[in-house]
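Presented below is the structure to which this report refers.
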Amino acid sequence: MGDVLQNPEGKTTVSGMSKGRLIVLHLSGMGIYTRYYHLLKKGFKVLWTTTTNSSTLEERRDAHHNLFCLATDLSMLKLLEAFLESVPQFILQLYIMLGHNESSVMQYLSMTFSCINVAWALVDYRRCLRRSLPHIREMPSGLPTAIYFLYKLCTITSHILSYSLLLLLSTYSTIGLAVIWLLGTTWTHLLQTNFCSCKGLELLYRAVIGVILVFTFFNVKGQDTKVAMIVYYILHSLINITAPLLLVLLKPESYTANFLLTVSGVILGSSALGLVSLVLYYLFLHPRGKLREPDEVDGLDQETKAIRRMRNFLQP
C-alpha cells in the first residue's frame, strides 16, 4: 500500500480488500486460492483481449510476461508449502512406519505421491521462473525436464530415507538436522539474498531456504555454483552412506537383514541415480546461450527485483 510504484493512487485496499478482510482471508487458508483465481482471471482477460483487439506484439509479450511472473509467485508458494509441510509429514510417516515395521499399500502410495509432489514443485518453480525472466533461456520440455525431475526426485527421496534412519537410531538426530539447517541458513545469509521487500521478511526467507537446503540444493542468487553444488552433494552422499551403515553397526538386532538390505539399497540406488541424472542434465541438457546466467536462477537478482516492483500485481 505504501509503495509508490505499485500503488501510485495511494489506495488503502489490496484488490478491493481492506487489511481486516485480508487477515481473515489468510487465516482461513484461502490466500493461495485467491491468488490462483486472480491469475486465471487475468489469464482469460489477456486471452480475450489478444484475440479480439489489435494489440501490438510488444503489448502481448508484456502481458504474457506478467502472467508468468504471477505464476512464478504461486510456484514459489507451492514450493515453500511442500518443504515446510509435506516433507516433515513425510519424514514423520516414514519414522513411524519403519520404527513399527508396519505398512500398507495406501501408505506406500501416499509417500510416493508426496515425493513426486515435492520434486515437481522444484521443477515447476524452475520452469516458471526461467520463463518469467527475459534474460534467461527457458527450460526445454520433454527429456531435459524429465531428467531434471528424476535428479530431484531421487536425491530428495534418498536423503529423506537417510534422515529417517538417523531418527530411528536416536531422536537426538534432530539436533544434527538443526545444525544442517543452521549451516544452510548461514550460507544463504552470507550470499546476501534480496528476494523480499523488507529486512524482516528477508531473514524469514533465508531461514526457509535453509530448510530447503537440508534436503536439496537450491541456488538462491543465480550465480555459478559449480563448486558449492559439488561440496553439497559430497556431504549429501556421505550422509546417505553413513545413515544405513550406522543402523547396521549400532542396531542390527532391531531389524531383519531383509529390511536393512532393502532400505540401504533404495537409499544408495536412488542417490546414485539422482547424481547420474544431475551430471547428465548439466553436461548435455542444461539450456545454454549468451543471455543466460552462469547457472539456473532459483532466487531473484536486482534487475529482476526492479522488474517485479514495476509490475502491478497487488494480490492477497
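Looking at region 149-175, I want the residues that are within 16 Å of Ile212 (Cα to Cα) and have a partner that is open to solvent by less than 30 Å² (accessible area, probe 1.4 Å) and part of a loop (DSSP other than H, G, I, E, B) with Cβ atoms under 7 Å, at least 6 apart or on another chain. Which pairs are those?
That search, which allows pairs on different chains as well, returns Lys152/Thr216; Thr155/Thr216; Ile156/Thr216.
Any idea which of Ala146, Ala119 is buried (at least 21 other Cβ atoms within 10 Å of the Cβ) and hydrophobic (A, V, I, L, M, F, W, C)? Lay out the reasoning, then the answer.
Details: Ala146 fails: buried (at least 21 other Cβ atoms within 10 Å of the Cβ).
The match here is Ala119.
Okay, residues lined up against (1) modelled with pLDDT under 90; (2) in a helix (DSSP H, G or I); (3) in contact with a helix residue (DSSP H, G or I) (Cβ under 6 Å, 6 or more places away or on another chain); (4) crowded, with 18+ Cβ neighbours inside 10 Å:
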| position | (1), (2), (3), (4) |
| --- | --- |
| Thr51 | yes, yes, no, no |
| Glu58 | yes, yes, no, no |
| Arg61 | yes, yes, no, no |
| Cys69 | yes, yes, yes, yes |
| Tyr108 | yes, yes, no, no |
| Ile136 | yes, no, yes, yes |
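Checking Ile32 against (1) modelled with pLDDT under 75; (2) touching a Leu at 6+ places or on another chain (Cβ under 6 Å); (3) open to solvent by 50 Å² or more (accessible area, probe 1.4 Å), which single condition isn't satisfied?
Answer for Ile32: the failing condition is (1).
On the given criteria, is Cys198 under 28 Å from Arg127 (Cα atoms), surrounded by fewer than 16 Cβ atoms within 10 Å (Cβ to Cβ) and not charged (D, E, K, R)?
On the way: under 28 Å from Arg127 (Cα atoms): yes; surrounded by fewer than 16 Cβ atoms within 10 Å (Cβ to Cβ): yes; not charged (D, E, K, R): yes.
The answer is yes for Cys198.
Out of everything in region 215-243 that is assigned to a helix (DSSP H, G or I) and open to solvent by less than 10 Å² (accessible area, probe 1.4 Å), what residue ends up being nearest to Asp124 (Cα to Cα)?
His236
Could you tell me which of the residues Leu190, Leu204, Leu183 is open to solvent by 80 Å² or more (accessible area, probe 1.4 Å), under 16 Å from Met76 (Cβ atoms) and over 15 Å from the mean Cα position of the chain (by Cα)? Spell out how you get there, then give the answer.
Values: Leu190 fails: under 16 Å from Met76 (Cβ atoms); Leu183 fails: under 16 Å from Met76 (Cβ atoms).
Every option except Leu204 fails the conditions.
The values are calculated or read from the model by the stated rules, or taken from the named source; none is laboratory data. Fair warning: this is a prediction, and the values are worked out from it, not measured in the lab. Here Cβ is always computed from backbone atoms with ideal geometry, including for glycine, and neighbour counts include all displayed protein chains. These accessible areas exclude ligands, DNA and RNA; they are computed on the full protein's heavy atoms, side chains included. Shrake-Rupley method; radii C 1.70, N 1.55, O 1.52, S 1.80 Å.
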